Amino acid sequence: MLGALAIGALWFEPAWADKLSDAINAMPQGTGAGQIDPNAPAGFLGIPGAPHVSPVLSFLWAIWVGWIFSTVGAFGGVMAGVGHMTVFGLGGYAKSLGKNTPLNKIVTDSIKASNQWLVGTSGLISSFNYYRMGRLVLPLAVALGAGSIIGAWASAYFTAGKVSFSSYQGYFGLFVLVLGLYLFWETSPAGQAHKKKAKEAAKAFEEAVKKQKSGEKIDESAIGVKVKAFTMSRCVFTFSGVEFSFNPILPVVGGIVISAIAAFLGVGGGFLLVPFLTSISELPMYLAAGTSALAVLVSMITSIITLVSKGTPLDWTLIGTELVGIVIGSIIGPRTSKYFSDTLLKRIFIVLALYVGIDYVLRGFFNYRIFG
């Protein structure tokens, strides 16, 4: 699937080269801020003077992204964005090019597409692993994916080449901050009041894992997801002996809205899908990670195809290195997540969301850094 996507992307490469070359030539030449030095070494996207990302750094960061995406489910896309924007220095470079220049917007769109390659690959691997372990609600993931196709296409089509990096970073931080605040409330006594089913299923699953760790043989398929009934208005399934149900129309609508936001931010959608699944659908985190991963994969493919058809270039050397790390992290994640409690996973998510959200809102909208 990803190979076919890469071939399709390469088909548009001549158009990318022309668009990128025109944007570079439109920039003033020189060695100062907002200028291009033709004699400087080529960096990101082959742009003279652009940052050169260390292969070792990008590989290690991708392992972290793959692990956190396949473990927490939601925050992998956000961490991919943090890596490209802050850790690798691509965000600061895009901002230095000037807010309204075509090159600024091309680099911004390329960052978004690069994020989506990472989370999409992790979503593909994680979906397969979670499905084998009985921790993916397939009907729910398919319903979310159906909506994601519509939302991701519309968002990518109408925003490609039109958003500066500062605006992108500010909105990126704002959405993450709102999400962190919401999840903080959700872990309070008031927010936990309607979580009885999810807590019951999580507790049963954790007890089964404890027995497994003590040497007792546990049939993981027996405690995994089992679909009991499916109609156009209601789907019923069980996990660890606890029954859940949902109306398939709700995740389709949710998929449209979430994927539209996620495609604009270039993060895949897991960071919104997980709270949607744990709050509205009342799923335990153990099921939210795998179910959201499949929906993210559908959204990612739709958004990347749309972006590249609009002329967004990609740095294949960087993406190729990161994909190797993503594969490693995504394989490790599902095999280690069962050793972390449901509450601990969510608290990790909250801390990261609050920090990244506040930092990026300040950087994007007010040009102020918390550190550095």
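The values are calculated or read from the model by the stated rules, or taken from the named source; none is laboratory data. What you see is a predicted model, and the numbers here were worked out from it, not measured in a lab. Glycine also receives a Cβ, built like all others from the backbone with ideal geometry; neighbour counts cover every protein chain displayed. Note: areas computed on protein heavy atoms with side chains; ligands, DNA, RNA excluded. Shrake-Rupley method; radii C 1.70, N 1.55, O 1.52, S 1.80 Å.
Being more than 28 Å from A289 (Cβ to Cβ) and open to solvent by 50 Å² or more (accessible area, probe 1.4 Å) is a property that does not hold for A40. Residue count for the range 146-163 under the criterion of being open to solvent by less than 10 Å² (accessible area, probe 1.4 Å) and under 30 Å from L90 (Cα atoms): the result is 4.
Within the range 296-325, the set of residues being outside any helix (DSSP H, G or I) and β-branched (V, I, T) comprises just one member, T312.
Evaluating F158 against the criteria (1) out of contact with any helix residue (DSSP H, G or I) (no Cβ under 6 Å at 6 or more places or on another chain); (2) under 21 Å from P51 (Cα atoms); (3) not basic (K, R) leaves one unmet condition, (2).
Residues in the range 62-78 that are of a type outside the set (V, I, T) and open to solvent by less than 10 Å² (accessible area, probe 1.4 Å): A62, G66, F69, S70, G73, A74, F75, G76, G77.
On the stretch given as the range 1-29, residues that are under 29 Å from the mean Cα position of the chain (by Cα), at pLDDT 80 or above and not in a helix (DSSP H, G or I) total 0. In the range 168-189, the residues that are more than 17 Å from L277 (Cα to Cα) form Cβ pairs under 7 Å with partners that are among the basic types (K, R) and assigned to a helix (DSSP H, G or I), at six or more places apart or across chains, as follows: Q169/R363. I want to confirm something. Restricting to the range 211-229 and keeping residues that are modelled with pLDDT of 80 or more and either of a type outside the set (K, R) or under 16 Å from S292 (Cα atoms) (or both), which single residue is surrounded by the most Cβ atoms within 10 Å (Cβ to Cβ)? The selected residue is V227. For the range 48-61, the condition holds for no residue, the condition being that it is at pLDDT below 90 and either surrounded by 14 or more Cβ atoms within 10 Å (Cβ to Cβ) or over 30 Å from F75 (Cα atoms) (or both).
Kindly establish whether A208 is at pLDDT below 75, surrounded by 20 or more Cβ atoms within 10 Å (Cβ to Cβ) and either touching a Leu at 6+ places or on another chain (Cβ under 9 Å) or outside any loop (DSSP other than H, G, I, E, B) (or both). In short, no. Looking at G372, is it modelled with pLDDT of 90 or more, farther than 20 Å from G134 by Cα, among the small types (G, A, S) and open to solvent by 20 Å² or more (accessible area, probe 1.4 Å)? So G372 fails the test.
Under the condition of being open to solvent by 70 Å² or more (accessible area, probe 1.4 Å) and modelled with pLDDT under 80, which residue from the range 344-368 is farthest from the chain's Cα centre (by Cα)? Applying the filter and picking the extreme gives L344. The listed residues are S337, S292, S299, and the only one of them that is open to solvent by less than 20 Å² (accessible area, probe 1.4 Å), touching a Leu at 6+ places or on another chain (Cβ under 9 Å) and either among the charged types (D, E, K, R) or modelled with pLDDT under 80 (or both) turns out to be S337. Here S122 fulfils each of the conditions (1) under 22 Å from D315 (Cα atoms); (2) modelled with pLDDT of 80 or more apart from (2).
Remark: V107 falls outside the filter, which requires a residue to be in contact with a helix residue (DSSP H, G or I) (Cβ under 7 Å, 6 or more places away or on another chain), in contact (Cβ under 8 Å) with a residue 12 or more places away in the chain, within 30 Å of V227 (Cβ to Cβ) and crowded, with 17+ Cβ neighbours inside 10 Å.
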